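Data first, discussion second: the structure below is written as structure tokens.
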Amino acid sequence: MDRCNSIVDLITHGLLSIQTIYYPLLAVVGVSVNLVTIVILSRGKCGLSKCVIHYLVAMAAMDLLVIITDLSLRRIPITYPRQFIFMKSIPICNIHAVLMYTVTDCSVWFTASFTFDRFMTICCQKLKTKYCTAKSALVILGTITLLFFLKNIFWYFMFTGEYWISNAPWFCYLNGAVNSQLWGAIEFLHYIITPGLPFILIVLLNALTIRHILVASRARKRLRLHNSEVQHNDPEMESRKKSMVLLFALSGNFILLWAIYMVYSIWSRMRWLSYQHVYLPWFLIEIGFMLQLLSCCTNTLIYVVTRTKFREQLKQVVRYPYKAIVQLIH
């Protein structure tokens, strides 16, 4: 047992040391790539519909806000407690908590809503024209933002106004009027809603979409075999494949990078409900935090890999400062 504890302590201390470099670097990269992504997608030159652009821009914007509110204003101060000691006296912890959990929830649920939109586009052709529009996307994104802001207002009353600077998941003092059973129930429900429920929805919708594509692909192949006049290339199926590559890359990235954080959070919060469970080592939640925040920086890479036009636009954005400097010189 002592040897196991020593190994766990060694791993934990190693991760904490890595975080001192990892978190600041991730903050710089996260802010940069999400800003660039928002600019490129907003120009509308990536061969995507306005509906898809609204979803992807909203996802990038929320990822950027997560980097600011969670990584820059929470994890980095926790990692560097001496440099941010002044934050103990700032009475805005509960306000910060409301904003941080709202943008985190929106970041997750925007991914789920985009998955649902692609499911409707591919599998429900009759409803596609009514649901999968730019206007509907804006209404859905706005409704999700409002609902999760209202849902997270309770954090204002759960926490006191002081920051607790220590390397712990919770960065604020719990209000003394809140008992452990109530706290445990609220936290458990919070992690079920985000990201537990989106996990289930994304996996289910992707499974149904894959099934529909396989069935449709087989039917169209049989049609081409029986009709020699049908072109060998199928533009519709090619378009669907491109859409699915983007969808699966985004949803798969989300599931992989959020998995540890979700499992540890739900499992560990069961103790607040007096549920006896197997102990999970502390370093798992640290890994969970690191991967969860990494997920806010990886969508740009997915667009680069899966979208040719996005790569072209990115090259133009990268070259623009150099062109401007050359023009000024000449």
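FYI, it's all coordinate maths here, none of it is from the lab. The structure presented is a predicted model; accordingly, all values stated were derived computationally and were not measured. Using ideal geometry, Cβ is built from the backbone for each residue, glycine included, and neighbour counts are taken over all protein chains shown.
What does the C-alpha gyration tensor say about the overall shape of the stretch 1-75? Classify as rounded when a/c is under 1.5, otherwise prolate if a/b is larger than b/c, or oblate. Because a/c hits 1.5 or more and a/b exceeds b/c, the stretch 1-75 counts as prolate.
Footprinting exposure proxy ranking of V245, V103, fewest other C-beta atoms within 10 angstrom first, gives V245, V103. Note on L291, L247, L73: ascending count of other Cβ atoms within 10 Å places them as L291, L73, L247, the fewest first. Estimated at 0.36 nm per residue, the fully extended path between V317 and I11 surpasses their Cα-Cα distance by 106.1 nm. Applying 1/(1 + (r/R0)^6) with r as the Cβ-Cβ distance of I325 and T143 and R0 = 35 angstrom yields a FRET efficiency of 0.20. With neighbours defined as other Cβ atoms within 10 Å of a residue's Cβ, the residues R74, R211 order from fewest to most as R211, R74.
Straight Cα distances below 28 angstrom link K135 to the lysines K45, K50, K126, K151, K241, K242, K309, with same-chain residues fewer than 8 positions distant left out.
Put simply, the amide H of C172, placed in the peptide plane, has neighbours under 5 Å in W164, leaving out anything fewer than 5 places away on its chain. One decimal place: the segment I266-I192 gains 25.9 nm when fully extended, by the rule 0.36 nm per residue minus the C-alpha distance.
A simple spin-label model places pseudo-atoms 7 Å from Cα toward Cβ; at L204 and A259 they are separated by 2.1 nm. Between Y173 and M244, the contour length at 0.36 nm per residue exceeds the Cα-Cα span by 21.1 nm.
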